[in-house]
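The values are calculated or read from the model by the stated rules, or taken from the named source; none is laboratory data. Since we're looking at a predicted model, the values are computed, not measured. With ideal geometry, Cβ positions are generated from the backbone for all residues, glycine too; neighbour counts draw on all protein chains shown.
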Amino acid sequence: MSWPNRITLARILLIVPFVIVMLHVNDPDYTPWARYGALLIFLIMAISDALDGYLARRYHDITGLGTFLDPLADKLLITCACLLLAAPQTAIPHVMLPDVVVVIIIGKDLYTILGFLIVYFITGRIKITPAASGKLSTLLQLSMVLAVLIAPEMIRWFGGYRYFVQTLWWAASASAVLTVIQYTRQGSRFMGEFEQQQAQAKAAPADAEAGGRRPGSES
């Protein structure tokens with residue numbers, strides 16, 4: 001259990017208090033402190049995300065567990081945040097996430113997980129190759145959550161800020177669709193290479209047997 005993996009696990013555990021304070025974000029007894037608490041926890045998680053990645057690269061401590069846990073932590077956080085920010089009881093006023101944005105973002109993650117499982121069950125191999133569009137999608141989604149959490153203050157100072165938030169969540173949705181396309185292409189290519197290797201492996205014994213039966217092959 002390396003330090004990058006410990007930080008990643010701590011980030012996953014922080015999702016619990018994040019959800020708890022978000023559930024009180026519109027409670028008059030906790031406004032605006034619940035939102036400030038959610039913002040603080042979110043910032044800690046974002047900083048720890050950058051920190052564990054830096055430590056893993058700096059000390060060449062990239063492990064299979066870390067490769068799996070790091071995107072899992074991001075997906076869990078984004079899924080919880082999107083669901084809470086789209087629910088009327090916990091949405092931030094004036095910047096409630098549209099249902100279609102939530103469906104696209106969470107649907108992308110479900111599609112990716114389903115594709116990963118299909119590839120694993122067919123090939124028996126684990127292949128996690130982060131795509132550039134996937135990293136961009138995660139960055140936009142985290143930025144979207146942050147922008148929504150600070151929206152009340154920003155709208156008070158700059159009325160057009162809500163349009164910036166709307167642009168950001170549609171950009172996050174578009175990047176999610178692009179990521180689905182890229183991951184589909186990667187998975188199809190990997191499956192094709194696997195099937196080709198299987199065909200070659202089956203053909204090799206047959207070729208060897210046929211070669212051994214050729215006249216004059218024995219000394």
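If you check L142 against the conditions, is it modelled with pLDDT of 90 or more, under 22 Å from I181 (Cβ atoms), outside any loop (DSSP other than H, G, I, E, B) and touching a Phe, Trp or Tyr at 6+ places or on another chain (Cβ under 9 Å)? Yes: the conditions hold for L142.
Residue count for the range 31-42 satisfying the condition of being within 20 Å of the chain's Cα centre (by Cα) and free of Cβ contacts under 8 Å to residues at least 24 places away in the same chain: 0. Residues of the range 23-39 that are surrounded by 14 or more Cβ atoms within 10 Å (Cβ to Cβ) and either part of a helix (DSSP H, G or I) or of a type in the set (D, E, K, R) (or both): A34, R35, Y36, G37, A38, L39. Residues of the range 179-204 that are without any contact (Cβ under 8 Å) to a residue 24 or more places away in the chain, small (G, A, S) and under 14 Å from F116 (Cα atoms): S188 alone.
For the range 10-22, give me each residue that is surrounded by 16 or more Cβ atoms within 10 Å (Cβ to Cβ) and not β-branched (V, I, T). Within the range 10-22, R11, L14, F18, M22 qualify.
Has the range 149-172 got at least one residue that is of a type outside the set (V, I, T), more than 24 Å from L39 (Cα to Cα) and at pLDDT 90 or above? Lay out the reasoning, then the answer.
Quick first cut of the range 149-172, residues of a type outside the set (V, I, T) only: 149, 151-154, 156-164, 166, 168-172.
Filter once more, so that each one left must be more than 24 Å from L39 (Cα to Cα): none.
No: zero hits.
Among the residues examined, G187 qualifies as surrounded by 16 or more Cβ atoms within 10 Å (Cβ to Cβ) and farther than 23 Å from M22 by Cα. In the range 100-122, the residue that is farthest from the chain's Cα centre (by Cα) out of those that are over 16 Å from C80 (Cα atoms) and of a type outside the set (V, I, T) is F121.
One residue stands out in the range 19-50 among those that are touching a helix residue (DSSP H, G or I) at 6+ places or on another chain (Cβ under 9 Å) and under 16 Å from T138 (Cα atoms): the one that is modelled with the lowest pLDDT, namely D49. The set of residues in the range 135-163 being within 23 Å of the chain's Cα centre (by Cα) and among the hydrophobic types (A, V, I, L, M, F, W, C) consists of L136, L139, L140, L142, M144, V145, L146, A147, V148, L149, I150.
The set of residues from the range 47-96 being β-branched (V, I, T), buried (at least 17 other Cβ atoms within 10 Å of the Cβ) and over 15 Å from R11 (Cα atoms) comprises T90, I92, V95. Residue-level analysis places L110 outside the set of residues that are in contact (Cβ under 8 Å) with a residue 24 or more places away in the chain and either in contact with a helix residue (DSSP H, G or I) (Cβ under 6 Å, 6 or more places away or on another chain) or under 20 Å from A176 (Cβ atoms) (or both). Total residues in the range 49-106 satisfying the condition of being free of Cβ contacts under 8 Å to residues at least 24 places away in the same chain, in a helix (DSSP H, G or I) and under 18 Å from A147 (Cα atoms): the figure is 4.
Please verify whether S2 is touching a Gly at 6+ places or on another chain (Cβ under 8 Å), buried (at least 16 other Cβ atoms within 10 Å of the Cβ) and not acidic (D, E), treating the condition exactly as stated. Explain how you work it out, then say what you get.
Values: touching a Gly at 6+ places or on another chain (Cβ under 8 Å): yes; buried (at least 16 other Cβ atoms within 10 Å of the Cβ): yes; not acidic (D, E): yes.
In short, yes.
Which one of V148, V180 is under 21 Å from V25 (Cα atoms), surrounded by 16 or more Cβ atoms within 10 Å (Cβ to Cβ) and β-branched (V, I, T)?
Values: V180 fails: under 21 Å from V25 (Cα atoms).
When all the criteria are applied, what remains is V148.
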